[in-house]
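*Asks:* Before anything else, here's the structure in question.
All of the numbers you see were taken from the coordinates with simple rules; none came from a lab. This structure is a prediction, so every number in the text was calculated from the model and none was measured. Here the Cβ is made from the backbone with ideal geometry for all residues, glycine too, and neighbour counts use every protein chain on show.
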Ligand code: EPU
């Protein structure tokens, strides 16, 4: 094997441009990896390590005292396997660019996942999903460096423990694996998946009964453009809260009082509720703490109006969570990972001073 030199390690690096939420923060060290071999050549560190891809699901609420490993590995391979095609993409590839290249080659099943920001390697972390399709539906396997045992591993779907916006990489094996490539199984036959209510509504509005793949992808992109601001203009991290999944009995009680609350059946008789509806109903759309706000077009999205800080973000999260808990008895969970050390040492004093918009209105 050719000898590969150790990658450059930079110190005291500005992180604001590496995360789509653009909060001000610095890291003690930063390493950029272009190949898997560079990872083997990287000297070990005792400091905490964090792997970053496109930075759309990681927010720095303060400085990071350890080493950031930026995964920039590139490459794409296609291999026919029976009726389907196995697509292997390096972790540093852009997810949306991958979707476009697959569609251009006549490979389907991935079209509802168009325009999701972020990198391929980040996709398995929270099992990205949109409009009725999740990564796990297409997933074949991934290759990763197991940093606990210092060896390369291949993990098939069952070994990844995928759930709704969840996987072992985000839960019980957080920070253990560095994903280097992901393989998806795509179909050469287009079978439109139009079951998701807002997508069906958009196609109906356009009077399209049997969409072509282009029409379907265009409809998804229109919906996404409306609900999610462009991070280049208004920094954000996509959906900020997970849609809560609750027991049937709790859902029934809430639905008796609020029949209009959007909800979806889940495995084991559980029910997923629209967090965006819960937050909007309490009047949070367009509200802000300092420069961090709830997006005016969609209550599940938090935005940074420019000079927002980690402390303002934590205060807004806390205020929204308290308000939803108080009125609906539901505990919302943040979807992106929040990392770094916040500047304020006593976070419990700030949020109490943020008025609940519902109480202001009454
Ligand atoms: N809603 C409101 N008010 C709002 C926002 C939404 O009433 O302010 C209602 C909508 O009217 C709709 C329901 O809530 O009936 C669901 O809204 P939407 O279709 O926009 O989807 P979502 O539940 O807010 C989820 C994913 C998105 C994904 C969309 C479409 C999560 C956390 N988010 O959002 O994923 O694109 O469905 O499938 O599951 C992401 O994870 O970053 C992401 C963008």
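*Asks:* Taking the highest mean first, how do the peptides 159-165, 300-306 order by number of other beta carbon atoms within 10 angstrom per residue? Walk me through the numbers before you get to the answer.
*Replies:* Values: 159-165: 18.0, 300-306: 21.3.
Highest to lowest by the protection proxy: 300-306, 159-165.
*Asks:* Rounded, prolate or oblate for the chain? Axes are the square roots of the Cα gyration tensor eigenvalues, ordered a ≥ b ≥ c, and the cut-off for rounded is a/c under 1.5.
*Replies:* oblate
*Asks:* Determine, for 277, 95, the number of other Cβ atoms within 10 Å of each Cβ, and report the residues in order from fewest to most. It would help to have the intermediate numbers written out before the result.
*Replies:* Numbers: 277 17, 95 26.
Arranged by neighbour count, lowest to highest, 277, 95 become 277, 95.
*Asks:* Next question. What order do you get for 257-269, 64-76 when each peptide is scored by the mean count of other beta carbon atoms within 10 Å, highest first? List each step's numbers first, then the result.
*Replies:* Numbers: 257-269: 11.3, 64-76: 18.8.
The most tightly packed comes first, giving 64-76, 257-269.
*Asks:* Please give the calculated 222 nm ellipticity per residue for the chain, where each DSSP H segment of at least 4 residues contributes -39500 (n - 2.57) and the sum is spread over every residue; nearest 500 deg cm²/dmol? Don't skip to the end; give the middle numbers.
*Replies:* Numbers: 10 runs with 89 residues, N = 362.
Rounded to the nearest 500, it is -7000 deg cm²/dmol.
*Asks:* For the range 236-361, what percent of Cα pairs sit more than 19 Å apart? All intermediate terms of the calculation are to be shown ahead of the outcome.
*Replies:* Working: 3796 of 7875 pairs.
When all Cα pairs of the range 236-361 are counted, 48 percent exceed 19 Å.
*Asks:* Here's another thing I want to ask about it. Take the alpha carbon atoms of the range 305-320, find their center, do the same for the range 65-102, and report the distance between the two centers in whole angstrom.
*Replies:* 33 Å
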